[in-house]
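**Student:** Pasting in a structure now, in structure tokens, and then I'll have a few things to ask.
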Amino acid sequence: MPIDSLLSSGIVGTAGAPAAPGTAPGPSAGGFGELLGQLIEGVEGSTTQANTAIDAMVNKTGDVHDAMIALQRSELALQLAVQVRNKLVQAYQDVMRMPI
């Protein structure tokens, strides 16, 4: 699943709306670093939401289903961030192995 679709679906939070697929980014569009920052902020935000939902469940003010959904979203966001990191490390290693 592309990062743009995860960002627009609400699994990972964004600071702004992603560009439409197939369009070139404009001058106001953020770069790759900004996208990574949004991904990390989204992971942190989903973790905070999961913790809040668990606290509400423990205090019997929240629903178990809401806590489980928040936990699954948080886990999915973290898995996405880890896979992006793995791909970046692999790409870096591939570039470093290239002959000059």
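The values are calculated or read from the model by the stated rules, or taken from the named source; none is laboratory data. Computed from a prediction, not measured in an experiment: that's the story for all the values here. Quick reminder, even Gly has a Cβ in these numbers, built from the backbone with ideal geometry, and neighbours come from all protein chains shown.
**Student:** Look through the range 62-99, keep the residues that are assigned to a helix (DSSP H, G or I) and small (Gly, Ala, Ser), and return whichever of them is farthest from Thr48 (Cα to Cα).
**Tutor:** Ala91
For every residue, the table says whether it meets (1) modelled with pLDDT of 75 or more; (2) in a helix (DSSP H, G or I); (3) under 19 Å from Lys87 (Cβ atoms); (4) out of contact with any helix residue (DSSP H, G or I) (no Cβ under 8 Å at 6 or more places or on another chain).
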site: Ala19; (1), (2), (3), (4): no, no, no, no
site: Gly26; (1), (2), (3), (4): no, no, no, yes
site: Gly37; (1), (2), (3), (4): yes, yes, yes, yes
site: Gly42; (1), (2), (3), (4): yes, yes, yes, no
site: Gly45; (1), (2), (3), (4): yes, yes, no, yes
site: Ala50; (1), (2), (3), (4): yes, yes, no, no
site: Met57; (1), (2), (3), (4): yes, yes, no, no
site: Lys60; (1), (2), (3), (4): yes, no, no, yes
